[in-house]
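Report on the following structure.
The values are calculated or read from the model by the stated rules, or taken from the named source; none is laboratory data. Here the structure is a predicted model, which means the values were calculated and not measured. All Cβ positions, glycine included, derive from the backbone under ideal geometry; neighbour counts span all protein chains shown.
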Amino acid sequence: MLTARSTRRSTRWLVGISAAVLTFLVAPIAPAHAAPGDGVPVPPRTGLTDKGVGAVSDADKDFVIKVRLAGLWEIPASNMAQQKSNDPRVVAIGKAIAAQHVVLDKLDRDAATKLNIDLPNTPNSDQMYWLQEMRDANAATFDQIFVDRLRAAHGKIFPAISTIRASTRNDAVRKLAQESNQFVLTHITLLESSGIVDYGSLPTAPAPANVGSGPVPVDGQMLAAASSSGGIPGVSTTVILLVLAAALVVGVVTSMRIFRAR
């Protein structure tokens, strides 16, 4: 049989727990943020085949050729960065990009062999001009030229990769686009880590024809779903929390009455 003291103690315990739960339920719900370095999805190495199966479009061929061209000038440019720069950051960036382009070039040549695509063996005229510009630069001007030219080039091929990745019907091109995207994004990040990218010289994106329209359909239902935190369709989060809070209060009151009756 419960004493008056134990009843009061149990009541205080129930009230304390209830208050804590109520505070949690009615507290503002903040979106979760990933810790630094966490939460970024990394594409798995499985699931993409490269047997050369599927139709190859002219755009696919042009993409494979452009990946080859990128390596033909960025490898010697990055090698020059290791020889001419006095900035350890630029030297390290050049070393990383050169080594990674050797790997990407091998992947590209393998894909071209499967698809019978003829690849160039020399850079194009624009790329040869950039390389000559770097050869002529001295230690004081080289770093800026190297970083800006490569950053601009990567920025141009970046959207082209996404177009091919989304549209190609050939599995070898699809896998190459997936891999190229990882390399290019890494190189953009490396170049920007130099701290000397001239963002003001980068070309601006074209203005959208109709704001809000585009490749991703947007309608009222999608906007409503995006503005909510999930849960039961048509029922707001506030209503759910109030119902839970009311149920908790009823449970506490009922428990207190039972203790008092005893």
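Do the conditions hold for Val184, that is, is it crowded, with 19+ Cβ neighbours inside 10 Å and β-branched (Val, Ile, Thr)? Step through it out loud before you land on a result.
On the way: crowded, with 19+ Cβ neighbours inside 10 Å: yes; β-branched (Val, Ile, Thr): yes.
It is true that Val184 is crowded, with 19+ Cβ neighbours inside 10 Å and β-branched (Val, Ile, Thr).
Can you tell me which residues in segment 121-142 are under 31 Å from the mean Cα position of the chain (by Cα) and in a helix (DSSP H, G or I)? Matches in segment 121-142: Asp126, Gln127, Trp130, Leu131, Phe142. Cβ-Cβ under 6 Å, sequence separation 6+ or interchain: first residue in segment 193-220 and surrounded by fewer than 10 Cβ atoms within 10 Å (Cβ to Cβ), partner modelled with pLDDT under 65. Which pairs? Every condition considered, the pairs that remain are Gly212/Val218.
Listed conditions (1) farther than 30 Å from Lys84 by Cα; (2) part of a helix (DSSP H, G or I) are all met by Arg169, apart from (2).
Does at least one position in segment 98-113 carry a residue that is touching a residue at least 60 places away in the same chain (Cβ under 8 Å), surrounded by 18 or more Cβ atoms within 10 Å (Cβ to Cβ) and either farther than 20 Å from Asn170 by Cβ or not assigned by TED's automatic domain parsing to the domain that holds Lys175 (or both)? Yes, because at least one residue in segment 98-113 is touching a residue at least 60 places away in the same chain (Cβ under 8 Å), surrounded by 18 or more Cβ atoms within 10 Å (Cβ to Cβ) and either farther than 20 Å from Asn170 by Cβ or not assigned by TED's automatic domain parsing to the domain that holds Lys175 (or both).
Selection of segment 82-97 for residues being aliphatic (A, V, I, L, M) and crowded, with 19+ Cβ neighbours inside 10 Å yields Val90, Ile93, Ile97.
Scanning segment 146-161 for residues that are of a type in the set (D, E, K, R) and modelled with pLDDT under 95 yields one hit, Lys156.
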